[in-house]
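The values are calculated or read from the model by the stated rules, or taken from the named source; none is laboratory data. Fair warning: this is a prediction, and the values are worked out from it, not measured in the lab. In this analysis, Cβ positions are derived from the backbone assuming ideal geometry, glycine residues included, and neighbour counts consider all displayed protein chains. In case anyone asks, the SASA skips ligands and DNA or RNA and just uses the protein heavy atoms, side chains included. Shrake-Rupley method; radii C 1.70, N 1.55, O 1.52, S 1.80 Å.
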2 protein chains.
Amino acid sequence: MSDVITLKKISQLLNISISTASRALKDHPDIADTTKQKVRELAEMLEYEPNPFAIQLSTSHSNIFGLIVPEVSNLFYTSFIDAVENEGRKAGYMLIILKTDDDPEIEANHIKYCKKQRVAGLFACITPNASNFDLFQSLGKSGIPVIFFDRVPDSSNCNTVCFADETAATIAAEAILKKNKKKVLAIFAEPSLSITQKRLKAFRKVFQQNTNAPKLDIYHTNHYENIKEIIKQQLENKDRPDTIFCMTDVILTGAMKAIHELKLRVPDEVAVITISNSDFFPKLYTPEITYVETSGYKLGVLALSTMITCVKEDVPYQELYVDSYLVEGQSL
Amino acid sequence: MSDVITLKKISQLLNISISTASRALKDHPDIADTTKQKVRELAEMLEYEPNPFAIQLSTSHSNIFGLIVPEVSNLFYTSFIDAVENEGRKAGYMLIILKTDDDPEIEANHIKYCKKQRVAGLFACITPNASNFDLFQSLGKSGIPVIFFDRVPDSSNCNTVCFADETAATIAAEAILKKNKKKVLAIFAEPSLSITQKRLKAFRKVFQQNTNAPKLDIYHTNHYENIKEIIKQQLENKDRPDTIFCMTDVILTGAMKAIHELKLRVPDEVAVITISNSDFFPKLYTPEITYVETSGYKLGVLALSTMITCVKEDVPYQELYVDSYLVEGQSL
DNA sequence: TTGAAAGCGCTAACAA
DNA sequence: TTGTTAGCGCTTTCAA
C-alpha cells in the first residue's frame, strides 16, 4: 500500500530526519517552532495517522483495555460498557469485550488472552466462585492493572469498584418499613456472591433493629423461571406476603410475571420494590415500580477513572463505592 | 520486562536462529521434525505467546474487527455482537465495538478510527440517513471489507446482511388476517429507514390482496413515550382498533404500557402481535405475546461468515438474508 | 536544534 | 534444513 502515509514519507518530503518529524508531531521542546509548523501542516494535509502497532511495539504499551463480563445481553453490563467506552475513548483507549457466560474456564481463557494481547488494563466482573483469582493476579504482576467491578473477589489485594451494596439494600428495607407492611417476601440472587451477602446482611439488619418489622421470608435464585415459580407458590398461600422485594431486575421481571399470571393488583394486593440497574424495567410496568437505582453507567465512569490512575502511576489497592438512591413509583 | 518470552529468547536457549524458531512454531515444511519438536516443547514450557503487535506490524494484518452499532443497550445489537464475538474468536479475531448513538458525526469518527487502527474488517449498522457512505467506501478501497447489517445503505455497491424484511412483515400480516380482525393499528419505526419501508410495503401488500382485510391505520415512531401516547389515544376512541401490530420490541413495550394503563385485556379487548429480536420481551408479558422472530444472533453468524470470506479472497458484493418465523403466544 | 542508529518482536526473501 | 538479513513504523538514546 504505497498510499499509506508514514513518518518516513513525511520526513523525506520535508528533507528532515524521521526522528525530527516524530518529535515535531509530539511537540517536543527541542524542536524549532518553524520545523514543528512545517511538519504539522504536511501531516495534516496528508492525513497522516500513526500506525498504532508500531507505537505499541516500540513502547510496549497498548491503548486497549480488556473488559470481562458474564454477559452482554444485560442492561447493567451494557450501561457499564457504555460508560467505559465513552470515557475511555476520550482518554484515547479502546475496548475489547470478552464474555464468560459465568464459565470459569472461559474466564481463564479470556484472562490469558488479555495477557497475550498486552492490554493496557483489564476490567473484570468475575464468575461466581472466584476460581481464577491467581490468574488475575498474574496480570497485575506483569504490570497490567486489573479493576474488578460489581462482582469482585473477596480479597483486599485488588482494586474494586462496587455499589455501596449495604446502602442500596438498607434504603429498600427502610422504604418497606415506612409502609407498615406485614409480611415481606425477599428474593436475593445466589448466596455465594459477595454482593448478595452484603445486601442480605444490610437488609436483615434493618428488619432486626426494628421491633415491629414485618415478617421476612428469604429465597435465593436469579433465574427467571425459578423466580416465577417461587413467587407464584408463595402468593397462592393463604398467609401470603403483602410485599415483594427483588434484589435484581431479573428477579423483578420474574416477580411481575408471576403477579400478572395470578392477576393480583399492585400495590393493593401485593406491593413491589426492587433494586434496579436502570430505569428501564421499573418503568415498563403499570404502576411503575418503586426502585433503588444502582447505575451501571456511574460505576463504569468510576471504574475507568480508577483505571486511568492505575495505568499512570503505581497506586495502592483501592476499594471504591458508588452510591444509590430511591426512585418512587406507585408500587409500594 | 525480562520475564516476557520472545522468539529470540527461545532461539538463544536452543542455539538456533530466530527464523528457525519462528518457522518451527508455524509448522513450516522446511524444518526438521526433531527441531520442531524441541522448539514446540520449550515454547510450551515457557508459555510463549507471540507478540500480536509485532505480527501485525510485519504482516500489516490485524486480527481485530470493528463493529459499529447505534447502541449497545439493546437486545438486538447485543445478540448480534454475541454472535460475532463467539464466532469471531473461533476464527482468531477480536472485536472492537463502537457506538454511534445514531449521530452521523460520531459515526464518521468511528469509521476514521477503524481505518487508523487498520482493522481487518468492519461491521456496520448505519445511522438513518446514510450520510457517511463515501467514508465507508474509502475503507473498502484500502482493502478493509465492510459488511453492513440490519440498517444498510440503499446501494448495491456493498455487502449487506439483513433479515428478509418482507417475510417478517408478511408473516405477521397473514397471522392477523387469519384471525378475522376488524381494525388494525400498526406502528412502524421511522419511515426513512429502508427496513421500515420494506416491512411496511410487504405488510400493506397482504392487506391489499385480501378483499375482506381489516381496516388498517399506520403510524410511525420508535420512541417509547410517543408510542404510548399514540396508542392510548387510539384505544380511547369509540371506534378503537382490536389489534395492534408492533414493528419493534420498543414499540411493543410502549404498546403494552398503554394497554396496561388503560387496563385492557389481551387478547379479548385488544390483540397484539410484534416483530421481535429475541424472545425476551414477548415472554415478559401475560399472556405471552405472539411474535415474528428476527434473531440478531443468526444475523451475526451470517455476517461473520461473510466477513471471513471477504477477508480471505476478493468476492463480488453480496446481499444476504436471514429468515424469520412466527412464534405463537396467546396475544392474538 | 537536529540526525544517526539501535531496537521493539516478528516475517520472509535470499543465501548457504 | 537452517541462518542471515532487511524491513514493518515508530521511539528514544546518544552524538553532532
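At-a-glance table
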| read-out | value |
| --- | --- |
| Among residues of segment B:69-86, those that are modelled with pLDDT of 90 or more and facing chain A (nearest Cβ under 8 Å), counted | 1 |
| Residue satisfying all of: in segment B:87-102; open to solvent by 40 Å² or more (accessible area, probe 1.4 Å) and within 10 Å of chain A (Cβ to nearest Cβ); modelled with the highest pLDDT among these | B:Asp101 |
| Some residue of segment A:216-229 being under 23 Å from A:Ser278 (Cα atoms), of a type in the set (Val, Ile, Thr) and either within 14 Å of chain B (Cβ to nearest Cβ) or part of a helix (DSSP H, G or I) (or both) | yes |
| Condition check for A:Ala168: more than 14 Å from chain B (Cβ to nearest Cβ), under 18 Å from A:Ile218 (Cα atoms) and either in a loop (DSSP other than H, G, I, E, B) or touching a strand residue (DSSP E or B) at 6+ places or on another chain (Cβ under 8 Å) (or both) | yes |
| Scope segment A:16-68; condition within 14 Å of chain B (Cβ to nearest Cβ), surrounded by fewer than 17 Cβ atoms within 10 Å (Cβ to Cβ) and without any contact (Cβ under 8 Å) to a residue 40 or more places away in the chain; matching residues | A:Glu44, A:Ala54, A:Ile55, A:Ser58, A:Thr59 |
| So A:Ile16, is it within 7 Å of DNA strand C (Cβ to nearest atom) and at pLDDT below 90 | no |
| All positions within segment A:300-313 that are touching a residue at least 60 places away in the same chain (Cβ under 8 Å) and over 18 Å from A:Ser73 (Cα atoms) | A:Val301, A:Leu302, A:Ala303, A:Leu304, A:Ser305, A:Thr306, A:Met307, A:Ile308, A:Cys310, A:Val311 |
| Residues within segment A:171-183 that are more than 13 Å from A:Glu293 (Cβ to Cβ) and part of a helix (DSSP H, G or I), tallied | 5 |
| From the options B:Lys26, B:Lys36, residue that is in contact with a helix residue (DSSP H, G or I) (Cβ under 9 Å, 6 or more places away or on another chain) and of a type in the set (D, E, K, R) | B:Lys36 |
| Residue in segment B:38-52 that is near DNA strand D (Cβ under 8 Å from one of its atoms), of a type outside the set (Val, Ile, Thr) and out of contact with any strand residue (DSSP E or B) (no Cβ under 9 Å at 6 or more places or on another chain) present | no |
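So that you can scan it fast, the table gives a plain yes or no per residue for (1) crowded, with 23+ Cβ neighbours inside 10 Å; (2) of a type in the set (Ser, Thr, Tyr); (3) within 13 Å of chain A (Cβ to nearest Cβ); (4) outside any loop (DSSP other than H, G, I, E, B):
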residue	(1), (2), (3), (4)
B:Cys114	yes, no, yes, yes
B:Arg118	no, no, yes, no
B:Thr127	no, yes, no, no
B:Ser155	no, yes, no, no
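Every residue, every condition in (1) crowded, with 18+ Cβ neighbours inside 10 Å; (2) in contact (Cβ under 8 Å) with a residue 40 or more places away in the chain, yes or no:
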position	(1), (2)
B:Phe136	yes, no
B:Ile144	yes, no
B:Cys158	yes, yes
B:Val161	yes, yes
B:Glu174	no, no
B:Ala189	yes, yes
B:Leu193	yes, yes
B:Phe203	yes, yes
